[in-house]
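A.B. asks: Below is the structure I would like to discuss, written out as structure tokens.
The values are calculated or read from the model by the stated rules, or taken from the named source; none is laboratory data. None of these values were measured; they are calculated from a predicted model. Here the Cβ positions follow ideal geometry from the backbone for every residue, glycine too, while neighbour counts run over all protein chains shown. Quick note on the areas: whole protein, heavy atoms, side chains included, nothing else; ligands and nucleic acids left out. Shrake-Rupley method; radii C 1.70, N 1.55, O 1.52, S 1.80 Å.
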Amino acid sequence: MIGHGFMGAAHSQGWRVAPRFFDLPRAVEMAVVVGRNAQAVADAAAKWGWAESATDWRAVIARDDIDVVDIVTPGDSHAEIAIAALQAGKHVLCEKPLANTVAEAEAMTEAAERAAERGIRSMVGFTYRRVPAATFARDLVAAGRIGDVRQVRAEYLQDWLSDADAPLTWRLQKDRAGSGSLGDIGAHAIDLAEYITGLHVERVSGILETLVAERPLMAEGIGLSGTASSERGAVTVDDVALFTGRLSGGALASFEATRFRTGRKNALRVEVSGSTGALSFDLERMNELEFYDATAPDTELGFRRILVTEHDHPYLAPWWPTGHMLGYEHGFSHQVVDFVTAIADGTQPRPSFGDGLHIQRVLDAVERSSEHGSAWLDVE
Ligand code: SOE
């Protein structure tokens, strides 16, 4: 694993726990975690259960005893590391968004497709599609339980930047993160909307806005938290992204990605409205799915809350008895299960780098639309 911040902790939990609950077709060895600061990464190895720590990722991906590289660094290093790892014959799991630019994502996808010819697998870390309620929503849409999809609303609402004095972390710097809310959490909203509906965003019209132009510099640390100094620096990314999408098949979608929605902590919400029903998912109520069946008798119409904890629900059987909840971290175990299974079966895991490239193209089209008066633009 390369990196050891917030995603490093979440991925470590997935690698450590998944083999203990799921019968994986391959054994998982948490061999080495890589970071730039020797002491910090040694501490991370001890804390999260990695056998070794190192500071040179190139030396690690050259090792014969390494089969998989899990990239959990900020987006500005995804392309270099992923392409080198794929060329070294390693399976690659890369955090979202795939890259900071379309050009990087294209190069990564090309390397992934060449590596796939040699049986090397690669996947992008959009874990929310592996929350059982989201996976079950997709199953219901695919089974026709809401009829033809007509409208989709997908939003990812957070508020950790509504404090104007929150420090200037890497997620607020374009050269590190590629974009702000748009790529950080808008990418999740796009992936989840497409995953649940099975449709793709083909055209977009959007607006990006930076609400707080400068923030206190970080005295130390680069993660979500950190100690602020007295100096201030410019925010070079969007704070709010609002955009409309035309989906394949003609459905209309509205998207919102913001870290300024005061009071909303981690509300990734997708509501799909169909000709004979509707589904509504909210990450803040992640064990539930709201289902409206318009074919029910008039006297019984209404959204009903499905508690998604049955053993017949996706991913649930190996965990707990019915009614016992899963949490944020379980999606990372499900990600390990799907990735390791695809490697063993020799199949292409989803989302692939090509799927990640498509999302990068949607993000890019929204940015260009915002620069051109919210003009409607095709997604390449
Ligand atoms: C911050 O917005 C963040 O940590 C994102 O970077 C993650 O992708 C998301 O899952 C939670 O919020």
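Let's see how each residue does on (1) charged (D, E, K, R); (2) in contact with a Phe, Trp or Tyr (Cβ under 8 Å, 6 or more places away or on another chain); (3) not assigned by TED's automatic domain parsing to the domain that holds Pro25:
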| residue | (1), (2), (3) |
| --- | --- |
| His334 | no, yes, yes |
| Arg350 | yes, no, yes |
| His358 | no, no, yes |
| Leu363 | no, no, yes |
| Arg368 | yes, no, yes |
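A.B. asks: Would you mind telling me which numbered condition in (1) in contact with a strand residue (DSSP E or B) (Cβ under 7 Å, 6 or more places away or on another chain); (2) open to solvent by less than 30 Å² (accessible area, probe 1.4 Å); (3) of a type in the set (A, V, I, L, M, F, W, C) Val337 fails?
C.D. replies: For Val337, the exception is condition (1).
A.B. asks: Any idea how many residues of the range 245-259 are open to solvent by 50 Å² or more (accessible area, probe 1.4 Å) and of a type outside the set (D, E, K, R)?
C.D. replies: We begin by selecting, within the range 245-259, every residue open to solvent by 50 Å² or more (accessible area, probe 1.4 Å); these are 246, 249, 252.
Narrowing further to those that are of a type outside the set (D, E, K, R): 249, 252.
The qualifying residues number 2.
A.B. asks: Could you tell me which of the residues Gly186, Gly274 is under 17 Å from Glu155 (Cα atoms) and crowded, with 20+ Cβ neighbours inside 10 Å? It would help to see each step written out before you state the result.
C.D. replies: Working: Gly274 fails: under 17 Å from Glu155 (Cα atoms).
So the residue among Gly186, Gly274 that is under 17 Å from Glu155 (Cα atoms) and crowded, with 20+ Cβ neighbours inside 10 Å is Gly186.
A.B. asks: For the range 55-68, indicate whether the set of residues that are within 27 Å of Ala115 (Cα to Cα), of a type in the set (Lys, Arg) and away from the ligand (no atom under 16 Å from the Cβ) is non-empty. Please lay out each step first, then the result.
C.D. replies: So in the range 55-68, the residues within 27 Å of Ala115 (Cα to Cα) come out as 55-68.
If we keep only those that are of a type in the set (Lys, Arg) as well, we get 58, 63.
Among the residues that remain, those that are also away from the ligand (no atom under 16 Å from the Cβ) are: 58, 63.
Yes.
A.B. asks: Another question, then. What are the pairs with Cβ atoms under 8 angstrom where one residue, in the range 1-17, is touching a residue at least 12 places away in the same chain (Cβ under 8 Å) and charged (D, E, K, R) and the other, located anywhere, is open to solvent by 10 Å² or more (accessible area, probe 1.4 Å) and part of a helix (DSSP H, G or I)? Sequence gap at least six, or different chains.
C.D. replies: Every condition considered, the pairs that remain are Arg16/Trp48.
A.B. asks: Failed condition for Val72, given (1) more than 16 Å from the ligand (Cβ to nearest atom); (2) under 15 Å from the mean Cα position of the chain (by Cα), with all others met?
C.D. replies: If we test Val72 against (1) more than 16 Å from the ligand (Cβ to nearest atom); (2) under 15 Å from the mean Cα position of the chain (by Cα), just (1) comes out false.
A.B. asks: Still on this structure, please answer the following. Any idea which residue in the range 150-168 is farthest from the ligand (Cβ to nearest atom), counting only those that are in contact with a Ser or Thr (Cβ under 7 Å, 6 or more places away or on another chain) and open to solvent by 30 Å² or more (accessible area, probe 1.4 Å)?
C.D. replies: Arg150
So that you can scan it fast, the table gives a plain yes or no per residue for (1) open to solvent by 40 Å² or more (accessible area, probe 1.4 Å); (2) within 16 Å of the ligand (Cβ to nearest atom); (3) under 21 Å from the mean Cα position of the chain (by Cα); (4) touching a residue at least 24 places away in the same chain (Cβ under 8 Å):
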| site | (1), (2), (3), (4) |
| --- | --- |
| Gln173 | yes, yes, yes, yes |
| Leu182 | no, yes, yes, yes |
| Val204 | no, no, yes, yes |
| Val212 | no, yes, no, yes |
| Gly233 | no, no, no, yes |
| Arg261 | yes, yes, yes, yes |
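A.B. asks: Which one of these does Arg153 not meet: (1) over 16 Å from Ser352 (Cβ atoms); (2) within 20 Å of the chain's Cα centre (by Cα); (3) assigned to a helix (DSSP H, G or I)?
C.D. replies: (3)
A.B. asks: Ser229 versus (1) open to solvent by less than 70 Å² (accessible area, probe 1.4 Å); (2) modelled with pLDDT under 95; (3) within 11 Å of the ligand (Cβ to nearest atom): which is the lone unmet condition?
C.D. replies: So the condition that Ser229 fails would be (3).
A.B. asks: In the range 113-129, which residues are away from the ligand (no atom under 16 Å from the Cβ), touching a helix residue (DSSP H, G or I) at 6+ places or on another chain (Cβ under 7 Å) and assigned to a loop (DSSP other than H, G, I, E, B)?
C.D. replies: At the first step, the residues of the range 113-129 found to be away from the ligand (no atom under 16 Å from the Cβ) are 113-122.
Then drop every residue that is not touching a helix residue (DSSP H, G or I) at 6+ places or on another chain (Cβ under 7 Å), which leaves 115, 120-122.
Across the range 113-129, the qualifying residues are Ile120, Arg121.
A.B. asks: Check the range 132-149 and report whether any residue there is within 14 Å of the ligand (Cβ to nearest atom), in the same structural domain as Ala294 (by TED's automatic domain parsing) and open to solvent by less than 30 Å² (accessible area, probe 1.4 Å).
C.D. replies: Of the residues in the range 132-149, the ones within 14 Å of the ligand (Cβ to nearest atom) are 134.
Checking which are in the same structural domain as Ala294 (by TED's automatic domain parsing) leaves us with 134.
Imposing the further condition that a residue be open to solvent by less than 30 Å² (accessible area, probe 1.4 Å) reduces the set to 134.
Taking every residue of the range 132-149 in turn, at least one turns out to be within 14 Å of the ligand (Cβ to nearest atom), in the same structural domain as Ala294 (by TED's automatic domain parsing) and open to solvent by less than 30 Å² (accessible area, probe 1.4 Å).
A.B. asks: Of all residues in the range 96-112 being more than 13 Å from Ile359 (Cα to Cα) and open to solvent by less than 30 Å² (accessible area, probe 1.4 Å), which is nearest to the ligand (Cβ to nearest atom)?
C.D. replies: Initial filter on the range 96-112 (more than 13 Å from Ile359 (Cα to Cα)): 107-108, 110-112.
Add one more test, that the residue is open to solvent by less than 30 Å² (accessible area, probe 1.4 Å), and what stays is 108, 111-112.
Working: Met108: 18, Ala111: 23, Ala112: 21 Å.
Result: Met108.
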